Every structure is written in structure tokens, then in C-alpha cells.
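The values are calculated or read from the model by the stated rules, or taken from the named source; none is laboratory data. Computed from a predicted model, the values in this text were never measured in an experiment. Neighbour counts run over all protein chains shown; Cβ positions are idealised from the backbone, glycine included. What goes into the accessible areas is simple: the full protein's heavy atoms, side chains included, and nothing from ligands, DNA or RNA. Shrake-Rupley method; radii C 1.70, N 1.55, O 1.52, S 1.80 Å.
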Amino acid sequence: MPSDRIHGTVIDGRDTVPRILAALHRRIVGGKLKAGTPLPPERELAAELGVSRFSLREALRVAESQGLVEISRGRRTRVVVDSASSVVAAMDLTLRRGNASLLQLTEARLIVEVEVARLAAERMTPDLLAALQQTIDRYEQAAGDTEVRVSQDMEFHLLLARASGNPVFEMILSTLGRLILTSQRQTIPHAAHGTLDSHRRILRAVAAGDASAAVARQSG
């Protein structure tokens, strides 16, 4: 049984938190709890699920770490509005728990970025082309500022992913990029010139709609 009650008291089992999370997942994914919707009051939700408020709070904290809900002081917990953020947070948590190495993360990112470059060359829009140029300009102007260069490098590839027209690529690159930021911070000062030249070559290829050249520039 999900829980036992003795004289009105809920006795939680060891699987209580996973059960609560599963129930929240079903309601959010199934659309019963839509983005931005506040959850029922804590006492009401705990009674509905047949669990203690302590276990409910613990499950909600886990759900928040997964990007499913937003917990704010003084207001009811709400379903996160940005579903993409939920996916990214869940992927981030899964990869961290899986102890993926920096080499493995980088390999995966490079493979995704090659396909992203191909699709971006075929589907690029003028607005995204201008945004890509801006990231290159900011990168070039931020000489000596590692943090800015790291963020602009990541923004460049996220914009390419957006240009691909496939939101899954943007989610994947966002997650992988966040996980390898430490490595980038260590290497980017020494690779700044090469990164800038690479971005310029990729931009020229996608601006020309040359998918083959975009792939070659990205993989090179």
C-alpha cells in the first residue's frame, strides 16, 4: 500500500518521496498542472496523496532541483513556466549523477554541434545571423576577460542550435555547455584566437547557406 494510517496519522514508507515525485510528474506532464499553475496548499496536497507534509516538502525540494517547480517564500509552490529549463535541469542532474567525464561531455557536444552547424546553414534567419555576429564582436572586444569570452562562446553555439530549428539541440547544448564550463575557463585564454577564427569561419559558411562548409568548419 502507498501509505498506512493509524488514528489519522500518515506513516510514510521508504518509497514515499519517489511516489510523490511520480505523482507530480504525471500531473505536470499530463497537463493537469499547467505551467505557472500553483500547486494545491501543502496540507491539502499531502492529504490528497496520503503522505506526511514532511515527505511532501522533501519531494518538492527534489522537484525544484529537477526544474519542475518553483518554491518561493511567502507564496504557493508553482509549476515552472519554462518547460525547456525543466528538461535542461533534469539532464544536468542525470549527467552529474552519472559522473560523466569532461572528455565524454566534450565528445558528445562536438558531435551535436556538427549536425547543428549543418542544419543552421540550411535554416538560418537574418535576425539570428546578426545575433551570431554580435557574439563574435563581444568575444573579440572582451580581450583578457575570460568570463565574458566563455559566455559568448557558449551563446554562439546556442544561437546556432536555435537556428537549426530543433529545440532539442538547444536543450542538449545548454546542458553540456554548463557542465564543461570549468574546462572552458581553464583552456579558453590559450585558445582565444583559434576560437574567434573558428566562429568567423562558421558564420561565413552558415551565412552563405553552405552546409558542407559549415560542417567542415565546425568539425575542424
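Of the candidates Ala63, Ala46, the single residue that is of a type in the set (A, V, I, L, M), more than 25 Å from Thr175 (Cα to Cα), modelled with pLDDT of 80 or more and touching a Leu at 6+ places or on another chain (Cβ under 6 Å) is Ala46. Here Ala117 qualifies as at pLDDT 90 or above, in a helix (DSSP H, G or I) and not β-branched (Val, Ile, Thr). In segment 133-149, which residues are of a type outside the set (Lys, Arg) and buried (at least 22 other Cβ atoms within 10 Å of the Cβ)? Listed by number, the list holds a single entry, Tyr139.
Taken over segment 153-166, the criterion of being modelled with pLDDT of 90 or more and of a type outside the set (Phe, Trp, Tyr) is satisfied by Glu155, His157, Leu158, Leu159, Leu160, Ala161, Arg162, Ala163, Ser164, Gly165, Asn166.
Pairs are defined by a Cβ separation below 7 Å, a sequence spacing of at least 6 or placement on different chains, a first member in segment 201-218 that is without any contact (Cβ under 8 Å) to a residue 40 or more places away in the chain and on the phi < 0 side of the Ramachandran plot, and a second member that is open to solvent by 20 Å² or more (accessible area, probe 1.4 Å) and assigned to a helix (DSSP H, G or I); the pairs so defined are Arg201/Arg217.
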